[in-house]
Amino acid sequence: MIDQRILMASQPDTSKSSKLERYNSYLRRINHTKFLAASSKLLFRATLFVALIIVFFFTINYPLLSDNPHRVHLHQNFLTTAFYTGSTGGAAWEKQIRHSATPRRSNGFSVLVTGAAGFVGTHCSLALKKRGDGVLGLDNFNSYYDPSLKQARQALLSKHQIFIVEGDLNDAQLLSKLFDIVPFTHILHLAAQAGVRYAMKNPQSYVNSNIAGLVNLLEIAKSANPQPSIVWASSSSVYGLNTQNPFSESHRTDQPASLYAATKKAGEAIAHTYNHIYGLSITGLRFFTVYGPWGRPDMAYFFFTKDILQGKPITVYKTADDKEVARDFTYIDDVVKGCLGALDTAEKSTGSGGKKKGPAQLRIYNLGNTSPVTVGRLVSILEGLLNVKAKKHVVKMPRNGDVPYTHANVSLAYKDFGYKPTTDLSTGLRKFVKWYAGYYGIQSRVKRVDDNASYSS
Ligand SMILES: O=C(O)[C@H]1O[C@H](OP(=O)(O)OP(=O)(O)OC[C@H]2O[C@@H](n3ccc(=O)[nH]c3=O)[C@H](O)[C@@H]2O)[C@H](O)[C@@H](O)[C@@H]1O
């Protein structure tokens, strides 16, 4: 039997309603196809978008996969900025800031310490807080050296009710927010890209922190009402190829030997401009190779200690004419006294809200130890303290921005705020080694060092 449906389907259909139905079905098919094409396009775009987000966050969260430290720095800037706009802000955050920055003594200062999780920043913050000043820290926790050391310093500050805002100097929005919350009387500006020789590896990071960051900070400070007084870290390296000894503030500083030194010298010129145009009171401090507990792992005394203990060879530089290289190594406690002395004698800025009202104070001081010691002697002191013989590899100083010799004349700082360094290198290194052994948990390997070290841990 022939299937009735086949018969019916094979017969031509001429009725109007059937034609309309076929036409409608045709339209439905077209719309369906269009819909399918549009949805697959949308699906494709969504997948691409999600993939991009995954790649993006993977790169952000694993910056150390990159061998470019500048990239790491940029990622971190992004993260801290994102952190600020995302989860900082809000009443609890502002309360923490106010609490940290409020002085506890009458006529106490309210100080914004940039680079507070850094070596000098940590020590100065503790000293200010101890005497009753209010301190708010700012730090971007970049990975120029082990950020876990910065976090440990942060934990130490936190124990003393000092709060550090995670953020970058170049984040204008964040800085002005901080000034909206607290009418800072002073800024102690210590955040910087430090290190003389690293400038050849990552020049941009010096421009980013030491020039762009400084300008951003001064822009905020000049617009603040009241304007704060500013004390900031310059460097002994600005003396560069100067041959007059000991180095005085009046000596020439127009021959920097490294990009690091050039950015610090530029900072001094920029400070002049902001003082001149806006009436900001600014004091620059030229630090001379500062060392001590909680120090910087990128500095020679620190990594020599590590390498000597691990039995690794150390490279000791000598000059092109076979002379020993020397530094006016300055102990951290002396530098802290110098920083506080500079803050105490800083006059008020004269401008307000971006307008100068009269001439303002502009100063520059050496903060050194006034007695240079050779790097060879530094190594023998460490050998004695660590009870281990160093494997010294003496080489001619490569042309990497280093200078052969530094020696500070500090009479100006003595005259203006009684700066008088009191710690010699052996005493200071003894305190450093004691801290180092405790911090890294290797007391048993280091000769017992008894002293009355003033640092907290
Ligand atoms: O006083 C300053 O202005 C500067 O002091 C230090 O710079 P530097 O004096 O070069 O300190 P280190 O890097 O610790 O070097 C100390 C001495 O050890 C020598 N050195 C360094 C490294 C090395 O492998 N071998 C070596 O003999 C250097 O030539 C130098 O004489 C800091 O790193 C800078 O941030 C600071 O601004």
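Residues of the stretch 282-303 that are near the ligand (Cβ under 8 Å from one of its atoms) and either assigned to a loop (DSSP other than H, G, I, E, B) or among the hydroxyl-bearing types (Ser, Thr, Tyr) (or both): 288, 289, 291, 296, 298, 299, 301. Of all residues in the stretch 330-356 being among the acidic types (Asp, Glu) and either away from the ligand (no atom under 16 Å from the Cβ) or assigned to a loop (DSSP other than H, G, I, E, B) (or both), which is surrounded by the most Cβ atoms within 10 Å (Cβ to Cβ)? It comes out as 333.
Yes or no, residue by residue, for (1) on the phi > 0 side of the Ramachandran plot; (2) more than 16 Å from the ligand (Cβ to nearest atom); (3) of a type in the set (Val, Ile, Thr); (4) crowded, with 24+ Cβ neighbours inside 10 Å:
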residue	(1), (2), (3), (4)
152	no, yes, no, no
164	no, yes, yes, yes
173	no, yes, no, no
211	no, no, yes, no
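The number of residues in the stretch 304-329 that are over 25 Å from residue 405 (Cβ atoms) and away from the ligand (no atom under 13 Å from the Cβ) comes to 3. Looking across the stretch 357-412 at every residue that is in a loop (DSSP other than H, G, I, E, B) and more than 30 Å from the chain's Cα centre (by Cα), the one that is nearest to the ligand (Cβ to nearest atom) is identified as 390.
Looking at 236, 229, 258, 223 in this structure, which one is more than 16 Å from the ligand (Cβ to nearest atom), touching an Asp or Glu at 6+ places or on another chain (Cβ under 8 Å), small (Gly, Ala, Ser) and in contact (Cβ under 8 Å) with a residue 24 or more places away in the chain?
Details: 236 fails: more than 16 Å from the ligand (Cβ to nearest atom); 258 fails: more than 16 Å from the ligand (Cβ to nearest atom); 223 fails: touching an Asp or Glu at 6+ places or on another chain (Cβ under 8 Å).
Among 236, 229, 258, 223, only 229 is more than 16 Å from the ligand (Cβ to nearest atom), touching an Asp or Glu at 6+ places or on another chain (Cβ under 8 Å), small (Gly, Ala, Ser) and in contact (Cβ under 8 Å) with a residue 24 or more places away in the chain.
Inclusion of residue 155 among residues that are among the aliphatic types (A, V, I, L, M) and without any contact (Cβ under 8 Å) to a residue 24 or more places away in the chain is warranted.
If the condition is being farther than 20 Å from residue 409 by Cβ, surrounded by fewer than 23 Cβ atoms within 10 Å (Cβ to Cβ) and under 22 Å from the mean Cα position of the chain (by Cα), then the stretch 263-292 contributes 266, 269, 270. Out of the stretch 98-136, which residues are within 21 Å of the chain's Cα centre (by Cα) and part of a loop (DSSP other than H, G, I, E, B)? Once the filter is applied, which keeps residues that are within 21 Å of the chain's Cα centre (by Cα) and part of a loop (DSSP other than H, G, I, E, B), the stretch 98-136 yields 115, 116, 117, 118.
Contact map, the stretch 408-430: residues that are modelled with pLDDT of 95 or more paired with residues that are among the basic types (Lys, Arg) and not in a helix (DSSP H, G or I), Cβ distance under 7 Å, separation 6+ or inter-chain. Pairs shown: 414/420.
The values are calculated or read from the model by the stated rules, or taken from the named source; none is laboratory data. On a predicted model such as this, the values are computed, not experimentally measured, just so you know. We place every Cβ from the backbone using ideal geometry, glycine too, and count neighbours over all the protein chains shown.
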